[in-house]
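Notes to accompany the following structure.
The values are calculated or read from the model by the stated rules, or taken from the named source; none is laboratory data. This one's a predicted model, so the numbers in the text were calculated from it and none came from an experiment. All Cβ positions, even for glycine, are placed from backbone atoms using ideal geometry, and neighbour counts span all protein chains on display.
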């Protein structure tokens with residue numbers, strides 16, 4: 001019985017396509033593509049022809065089409081699963097299909113290849129011995145705040161996707177919760193002609209994103225890498241509040257005193273703010 005072929009596709013540069021991917025596209029009898037038009041464009045860019053039928057297979061119809069594809073595999077047809085870019089199932093459709101194929105003891109063969117997750121991690125220069133991939137950052141302010149609050153104590157490099165149109169809003173939330181010196185890498189349009197990599201701290205990243213949004217707008221695919229959390233500063237709560245009081249006496253506003261204390265002690269602004277609020281209750 002022919003296996004279900006699960007293929008990673010180029011994340012931008014067609015030259016990254018493997019020989020195995022080319023052969024799989026040419027030989028597949030049925031191709032489950034996230035976007036049939038983008039798949040056709042990929043084949044054209046690679047200079048190859050495909051003979052198999054192309055079936056659209058995306059998040060909206062994955063459940064309904066999984067059984068159909070499994071029956072094709074059981075009937076002996078060579079089925080190829082391919083995403084628009086990168087690896088199927090990694091924030092792309094395919095999980096249900098692969099999971100069900102395994103449950104039915106159908107053969108599955110993965111054709112490894114490009115990955116925005118690993119590419120961004122390497123570009124970031126951050127630790128690679130232990131890391132997490134969190135998919136897309138939550139959209140709502142409450143969920144985003146919860147996400148970044150979790151990162152406060154995350155001791156691994158963290159990789160996430162984000163929409164270009166939400167990047168500034170996301171970084172604004174991050175800047176309110178994470179320490180200003182937390183390192184971050186923003187990778188835009190990886191492997192494409194206009195690839196751009198930002199490396200720096202949260203404050204610098206927000207400035208970088210605002211400048212681009214104010215010019216022509218931020219476009220393209222965005223992958224973000226956050227550095228592991230460092231140990232919490234040794235300053236006690238009383239020492240933190242003493243610094244806040246000193247800054248207030250120097251004439252800073254309460255907001256600016258919290259921000260400056262956070263910077264000097266490398267402590268999240270939210271932590272300093274909460275201490276001030278609790279004292280006033």
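Per-structure values
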quantity: Condition met for residue 207 (without any contact (Cβ under 8 Å) to a residue 24 or more places away in the chain and within 20 Å of residue 162 (Cβ to Cβ)); calculated: yes
quantity: Residues of the range 248-258 satisfying the condition of being in a helix (DSSP H, G or I) and surrounded by fewer than 19 Cβ atoms within 10 Å (Cβ to Cβ); calculated: 248, 249, 254, 255, 256
quantity: Criterion: touching a residue at least 60 places away in the same chain (Cβ under 8 Å), in contact with a strand residue (DSSP E or B) (Cβ under 9 Å, 6 or more places away or on another chain) and outside the structural domain of residue 132 (by TED's automatic domain parsing) - qualifying residue of 94, 76, 52, 12; calculated: 94
